[in-house]
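Trainee: My structure is below; once you've seen it, I'll send some questions.
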Amino acid sequence: MKSKHEKVKKPFYKKWWFWLIVVIVIVGAVGGGDTEDSNVATESNKVITEEKSEKVNETSAAEEKDASEIQSKDIEEDTKQDEDVPTEYKSALNKAQSYVDLMNMSKAGLYDQLTSEYGEQFSKDAAKYAVDNVDADWKENALKKAQEYNDTMYMSKAGLYDQLTSDYGEKFTKKQAKYAVNNVDADWKENALKKARDYQESMDMSKSAIYDQLTSDYGEQFTEKQAQYAIDHLD
């Protein structure tokens, strides 16, 4: 029989340290599960990313292959077409490119030069092929030609337009000529003065006669204001 004062021992499951161990074990299990789930998710995302990357690479490779096949097909077609072009047509095109690069001609003027008996004497079909396939910017040609006239002949804006569009001149279209005269680097008043001095020095004309020549529709076609500026600045 136990003594009255002898302490009774508690069962181990009632001790505080037992429950502390239980809590630690539970927390560890939960945490471990989260880590495992996280690792699984990471591996899953990695697989998905790799699959997407493979699909993108496969798509890019397919697109490059298609583009290469299309380019090869285009080259073959161009080569075949080039082989079908008569030699005379090719010669006319080469000659047309030379005129465009050196003389900044219009399409109509170039055609006439290629077909003229005083020019290149190509057939009309060969000349048409040439002007239709030559590498040219007709508006820019008109502008370059306008600049040449402006720098050497001191023309008025209206006179320059007429020269660019005339059948006896450059034969540019009205639209091309308008683009040229609107964009040429010119000082019309100074052009009028230079032209007036030419008349004064080479033809001994009076100021009144020079003024009439500068403003005439059959003469230089300067505006009255431009012509008056020229007369006022003559010696």
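The values are calculated or read from the model by the stated rules, or taken from the named source; none is laboratory data. What you see is a predicted model, and the numbers here were worked out from it, not measured in a lab. So basically every Cβ, Gly included, is an ideal-geometry build from the backbone, and we count neighbours across all protein chains shown.
Trainee: Name every residue in region 119-156 that is touching a residue at least 40 places away in the same chain (Cβ under 8 Å) and not hydrophobic (A, V, I, L, M, F, W, C), in order of residue number.
Mentor: 129, 133, 139, 141, 144, 145, 148, 150, 154, 156
Trainee: Then there's this: Between 193, 214, 160, which is crowded, with 16+ Cβ neighbours inside 10 Å and within 30 Å of residue 112 (Cα to Cα)?
Mentor: Exactly one residue qualifies, and that residue is 160.
Trainee: Scan region 95-109 for residues that are farther than 18 Å from residue 174 by Cβ and either without any contact (Cβ under 8 Å) to a residue 24 or more places away in the chain or hydrophobic (A, V, I, L, M, F, W, C) (or both) and jot them down.
Mentor: Across region 95-109, the qualifying residues are 96, 98, 99, 100, 101, 102, 103.
Trainee: Please name all residue pairs, on different chains or six or more residues apart, with Cβ atoms under 6 Å, provided the first residue is in region 194-207 and is touching a residue at least 24 places away in the same chain (Cβ under 8 Å) and under 12 Å from residue 229 (Cα atoms) and the second residue is of a type in the set (Gly, Ala, Ser) and crowded, with 16+ Cβ neighbours inside 10 Å.
Mentor: Note: pairs meeting the criteria are 196/230.
Trainee: Next question, about the same structure. Please specify each residue of region 127-168 satisfying the condition of being more than 28 Å from the chain's Cα centre (by Cα) and within 16 Å of residue 100 (Cα to Cα).
Mentor: Correct list: 127 only.
Trainee: What number of residues within region 103-131 satisfy the criterion of being in a helix (DSSP H, G or I) and among the small types (Gly, Ala, Ser)?
Mentor: Residues in region 103-131 being in a helix (DSSP H, G or I) and among the small types (Gly, Ala, Ser): 5 in total.
Trainee: Looking at 126, 67, can you tell me which residue is among the hydrophobic types (A, V, I, L, M, F, W, C) and at pLDDT below 95?
Mentor: Selected residue: 67, the only one of 126, 67 that is among the hydrophobic types (A, V, I, L, M, F, W, C) and at pLDDT below 95.
Trainee: Which ranges mark the helices (runs of 4 or more DSSP H) fully within region 132-235 that have 3 or more residues being farther than 30 Å from residue 107 by Cα and touching a Phe, Trp or Tyr at 6+ places or on another chain (Cβ under 9 Å)?
Mentor: 188-203, 207-215, 224-232
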